[in-house]
Amino acid sequence: MLHCECSDSPHPMIETNTPGMLDRPDPAHCTVCCCTMANKIFMVVFMLLLIFATLFGNLVTLAVVFGTKVFHTPQGYLKASLAVADLAVGIFVVPLSVYAEIHLMVTESGPEWTFYNSQLVSFHPCNIIGPIFAGCTFVSITTIFLLTIERSIAVLRPLHKDSVITRKRTTILIVLSWVGSFFLAVSPMVFSREIALEYNSCSRMCNYALGAIGEFPTQAWNILLLFPAFDFTLLGGTVVINIISLSSIRQHSKRRKTLAEAECHNTSNPTFSDIKAAKTIGTLTVAFTASFTPIAVFVVGNVLGNEWCNFSFFAFWILATNSCWNVIIYSVRDQKFRLRAHKLFLFL
């Protein structure tokens, strides 16, 4: 039985290699996902279902947002941006893994490009797919952070909401988030010759890797540290802001009960729709945090020297499944979205 060979890395999308590691005759190590034919078939079926769910859910989100005037708001634009990022994962990232795994099942050997990293061949599919997955992950984190900021302003400063949060400013922020996220995604290859991309046999995805070198260069280390620093800073800030907003909502609920008993009203309080939207964004944050937690654990394990090949697979694919959860959260938490989606289905 073949065994997995994973090594220490500062980020879950990064693997370190030693000379000759990519010269093995078969890059497909035995992991819990592919040791038996039944597991291989189950894995491919799971990937295909994930593609369908991601495409269907996010296309519905885009149709509802762009097809309904009430959703032509800063919050709607941010949700559309998040849907596009998730859609890209279903269109580009997962299908490449499906192709590689089906090729492995049929021919008992992976495609030729899975044997080498991007430094050793003129063109490598992971040169495109790797940055797309990383960039879309960064866009998702950034967009959820912006959604949290937008909702916190609506809850904490309701009178200033319309003047501070405008569609023009939101559009500019969305563009900047996409440009910045993909610049960060390609920066390892741009600023370091030691960093390459490869199809990793543990995660079954395109990962950043160190090329044909024996030691971890200081420059490459500093560049790769940008990934976890960006991820954990924004995600931590998002959680903190959500806690502040939800605490304010709780206090507002108590005040509203008191004012209702006194038959008084205060126009400076956030509206019911703003409160419900804030709770929806809070749920969205919890879902993304839950899907990102295994990646964080994997990073800590790598730093401590653990070679978690099987866990690498689960961590990556749990994160990938987050791409199809947003439409479910919107449907459960947002009645307007649910009604519009229902009308869309009836029309079709």
Legend entry - Additional length obtainable on full extension of the chain from residue 328 to residue 112, 0.36 nm per residue less Cα span: 73.9 nm
Legend entry - Virtual spin-label span in nm between residue 102 and residue 160, 7 Å along Cα→Cβ: 5.4
Inset, instruction - Could you pull out every residue, at least 5 positions away or on a different chain, whose amide H is within less than 5 Å of the one on residue 197? Hs are placed 1.01 Å off N in the peptide plane, and Pro or chain starts have none. - result: 118, 119, 209
Legend entry - Other-chain or far-sequence residues with amide H under 5 Å of residue 206's (modelled H): 200
Inset, instruction - Kindly report, to the nearest 10 Å², the accessible surface of residue 240 as traced by a 1.4 Å probe over protein heavy atoms only. - result: 80
Inset, instruction - Determine the dipole magnitude for segment 146-189: charges of +1 sit on the beta-carbon of Lys and Arg, -1 on that of Asp and Glu, nothing else is charged, the reference point is the Cα centre, and the result goes in debye to the nearest 20. - result: 160
Legend entry - Solvent-accessible area per residue, Å², over segment 61-216 with all protein chains present [probe radius 1.4 Å]: 41
Legend entry - Calculated FRET efficiency for the pair residue 229/residue 167, C-beta based, R₀ 30 Å, to 0.05: 0.45
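The values are calculated or read from the model by the stated rules, or taken from the named source; none is laboratory data. If you're wondering where the values come from, they're calculated on a predicted model, not measured in any experiment. Here the Cβ is made from the backbone with ideal geometry for all residues, glycine too, and neighbour counts use every protein chain on show. Ligands, DNA and RNA are excluded from the accessible area calculation, which covers all protein heavy atoms including side chains. Shrake-Rupley method; radii C 1.70, N 1.55, O 1.52, S 1.80 Å.
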